[in-house]
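The structure appears below as structure tokens.
The values are calculated or read from the model by the stated rules, or taken from the named source; none is laboratory data. Here the structure is a predicted model, which means the values were calculated and not measured. Here the Cβ positions follow ideal geometry from the backbone for every residue, glycine too, while neighbour counts run over all protein chains shown. Heavy atoms of the whole protein, side chains included, go into the accessibility calculation; ligands, DNA and RNA do not. Shrake-Rupley method; radii C 1.70, N 1.55, O 1.52, S 1.80 Å.
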Amino acid sequence: MWNEIHRTFDNHARGIKCPFKDWKLINSRRIGLRTQLFFKCQMCNFEANICSEPTKSNELDVNTAAVAGTVTMGIGYAQLEELCAAVNIPCMSEKTYIHNRENLLDDFQKTVMNSMKMEGELEK
């Protein structure tokens, strides 16, 4: 990921030597616990953005991982909110938490059903 970001910010304009110091943060967007940062080069006006974590589809994103942690520990949104406050991190909204929890519980249920089917086949 770092190499990709480095390439974007260092080699964005052909023929123009735009140093990193010319990049300015123009906007940011929070998506739960993930942050997306938007930059613009002051030399050539090229714009790029990066996320605070990789966005690979085969890995748990930070929001799903945080919700999974609360579910497996038997706690809920209020405790996650307290934890985030204790470490001075803005917490995801309750709506985002519920959305992620519902998706996660659906996935848990599918996994349990598949596991039960496999065990039933073994017994048979």
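Restricting ARG29, ARG101 to those that are under 30 Å from ILE16 (Cα atoms) and either assigned to a helix (DSSP H, G or I) or open to solvent by 80 Å² or more (accessible area, probe 1.4 Å) (or both) reduces the list to ARG29. Of the residues making up region 20-38, those that are touching a residue at least 12 places away in the same chain (Cβ under 8 Å) and over 20 Å from CYS91 (Cβ atoms) are ASP22, TRP23, LYS24, LEU25, ILE26, PHE38. Condition check for GLU94 on (1) open to solvent by less than 80 Å² (accessible area, probe 1.4 Å); (2) under 18 Å from the mean Cα position of the chain (by Cα): one failure, at (1). Of all residues in region 39-51, those satisfying the criterion of being among the hydrophobic types (A, V, I, L, M, F, W, C), farther than 19 Å from PRO90 by Cα and in a strand (DSSP E or B) are PHE39, CYS41, ALA48. Residues in region 52-98 that are in a loop (DSSP other than H, G, I, E, B) and in contact (Cβ under 8 Å) with a residue 40 or more places away in the chain: 6 in all.
Among the conditions (1) in contact with a Ser or Thr (Cβ under 8 Å, 6 or more places away or on another chain); (2) among the hydroxyl-bearing types (Ser, Thr, Tyr); (3) closer than 23 Å to PHE108 by Cα, THR35 misses just one, which is (3). For region 57-91, the candidate set comprises residues that are hydrophobic (A, V, I, L, M, F, W, C) and open to solvent by 70 Å² or more (accessible area, probe 1.4 Å); within that set, the residue that is farthest from GLN36 (Cα to Cα) is MET73. Among residues of region 29-75 being out of contact with any Phe, Trp or Tyr (no Cβ under 7 Å at 6 or more places or on another chain) and small (Gly, Ala, Ser), the one that is modelled with the lowest pLDDT is SER57.
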